[in-house]
Amino acid sequence: MGERVHKLAIYGMTCGCCTGRVNRVLQANPDVIDAKISYENDSGIITTTDRLSTDNVIVMVNKAGFIASA
């Protein structure tokens, strides 16, 4: 099984708590290997198994209450 790296712009985060919320939502999915989220840069680099598409990751971030795009 391979890995994918998804680089996203994530808008709406204002503090470390927001970063933590996005991380918790992503890490709840067993196909997420690692997530580096930065509210300072409005960005995220998420490593997943190849079972998740970028669209899947965007949906997870959006469900956490933020706006993500590739």
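The values are calculated or read from the model by the stated rules, or taken from the named source; none is laboratory data. Computed from a prediction, not measured in an experiment: that's the story for all the values here. Because the Cβ atoms are built from the backbone with ideal geometry, glycine has one as well, and the counts that use them run over all protein chains shown. With ligands, DNA and RNA removed, areas are computed over all heavy atoms of the protein, side chains included. Shrake-Rupley method; radii C 1.70, N 1.55, O 1.52, S 1.80 Å.
Here are some notes:
- Filter result (touching a Ser or Thr at 6+ places or on another chain (Cβ under 6 Å) and among the small types (Gly, Ala, Ser)) within region 21-70: 70
- One residue stands out in region 26-49 among those that are over 21 Å from residue 69 (Cβ atoms) and in contact (Cβ under 8 Å) with a residue 24 or more places away in the chain: the one that is surrounded by the fewest Cβ atoms within 10 Å (Cβ to Cβ), namely 49.
- Residue 4 in a helix (DSSP H, G or I) and either under 16 Å from residue 68 (Cα atoms) or open to solvent by 20 Å² or more (accessible area, probe 1.4 Å) (or both): no
- Of the residues making up region 1-19, just one is without any contact (Cβ under 8 Å) to a residue 24 or more places away in the chain and closer than 25 Å to residue 49 by Cβ, namely 19.
- Matching residues, region 58-70, being without any contact (Cβ under 8 Å) to a residue 60 or more places away in the chain and within 10 Å of residue 10 (Cβ to Cβ): 58, 61, 62, 64, 66, 67
- Any hit, region 9-25, residues being of a type in the set (A, V, I, L, M), open to solvent by 70 Å² or more (accessible area, probe 1.4 Å) and modelled with pLDDT of 95 or more: no
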